[in-house]
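All remarks here apply to the structure that follows.
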Amino acid sequence: MLQRDYILRLIQEFAKAMALLLQKKKLTERRTELQRMYDQYVDPYDLLFNADTDQMMDHMLQFAPEERLQRMEMLAELYLAEADTVGKITADQLLEKAYFLYDYIETEGRTLSFDHQRKMADIRKRLKKEEK
């Protein structure tokens, strides 16, 4: 019960922090806050920013099973937010990692999320649009 309460509080805190992040206008402030959020919610920015999907998943396995999917969702949200702050090549890599995480969450989770499905469709559109 305590673990579930902790996870719920963590998710609420993350959602508030993400909302504040998205209000920031200056790109440098947004990137600094993103890095802080990586470190606070899913661990080292440098590792996860540069990780391929295998390394990312290996890292996510360190979290307890009851919080792993929520941490993965946080990481996917961070990747999505960061994709808007970097160049095209890096943005594509971040979008692909976010898509991978949402797909994994949908496959392994016990509930279907229309929000995840919508975000996955948006990512597919962005990646396809950028190929042209």
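Couple of notes before you dig in:
- Value of Rg/Rh across the stretch 77-132 [Cα atoms, Kirkwood radius]: 0.99
- Overall Cα dimensions of the stretch 1-63 - principal axes, largest extent first, Å: 38, 30, 13
- Simple point charges give the picture: +1 on the Cβ of Lys and Arg, -1 on the Cβ of Asp and Glu, and for the chain a dipole about the Cα centre of about 700 debye.
- Filter on 97/125; 97/128; 26/129; 25/119 - keep pairs with C-alpha separation over 18 Å: 26/129; 25/119
- The stretch 73-82 - phi-based ³J(HN,Hα) in whole Hz, Karplus 6.51/-1.76/1.60, Gly and Pro as x: 5, 4, 5, 4, 5, 5, 4, 4, 5, 6
- All Cα-Cα distances of the chain, cut into 10 Å bins from zero to the largest, leave 12, 44, 37, 7, 0 percent in each bin in turn.
- The chain - mean residue ellipticity at 222 nm from DSSP helices (-39,500 (n - 2.57) per run, n ≥ 4, rounded to 500): -26000 deg cm²/dmol
- Hz values of 3J(HN,Hα) by residue in the stretch 60-66 - Karplus curve (6.51, -1.76, 1.60), Gly and Pro given as x: 5, 5, 5, 7, 4, x, 6
- In sequence order, calculated HN-Hα J values of the stretch 22-36 (Karplus, 6.51, -1.76, 1.60; Hz; x Gly/Pro): 5, 7, 5, 8, 6, 4, 5, 5, 5, 5, 4, 5, 4, 4, 4
- Sum of side-chain charges, residue 60 neighbourhood, beta-carbon under 12 Å (Lys, Arg +1; Asp, Glu -1): -3
Only the coordinates and a few stated rules stand behind these numbers; no lab work does. Since this is a predicted model, take the numbers as computed values, not measurements. Please note: Cβ atoms are built from the backbone with ideal geometry, for glycine as well, and neighbour counts cover all protein chains shown.
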